[in-house]
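Some notes on the structure that comes next.
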Amino acid sequence: MRLESWDELEEAKPSFCEVCGIPLNNPEERHERICFRCKKQQIQEKKDDSFICWICGKNLRDFNEIATGLCPTCRSSIIRKIK
Ligand SMILES: [Zn+2]
Ligand SMILES: [Zn+2]
């Protein structure tokens, strides 16, 4: 299932990865304005020991966020997808 709210928000303008310039079709990618490949690369370049969301790469500070590996935004979007 798609994330309707993000789709509606982003539908008006074309979304491209800010790093490599490929068109973004995935709602998560469009939301972040970066494709998963570049995002992953950026995460690897950071190489710090902090915990990050496995979808958007945001730093996680809350214990519950670290336990799931997801930031609140991505977790709620996944919960919405499941429902
Ligand atoms: Zn990219
Ligand atoms: Zn996230």
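No lab work stands behind these numbers, since they all come straight from the coordinates. Predicted model, so just to flag it, every value in this text is computed and none were measured.
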Going by amide H atoms built from the backbone, whose H comes under 5 Å of the H on Phe51, apart from near neighbours?
Leu60
Ordered by residue, what ³J(HN,Hα) values in Hz, to whole numbers, does the range 62-76 give under the Karplus form 6.51 cos²θ - 1.76 cosθ + 1.60, where θ = phi - 60° and Gly and Pro are x?
6, 4, 5, 5, 5, 4, 8, x, 10, 6, x, 5, 5, 5, 5
³J(HN,Hα) computed for each position of the range 31-41 - Karplus, 6.51 cos²θ - 1.76 cosθ + 1.60, integer Hz, glycine/proline x
4, 8, 6, 8, 6, 4, 5, 5, 4, 4, 4
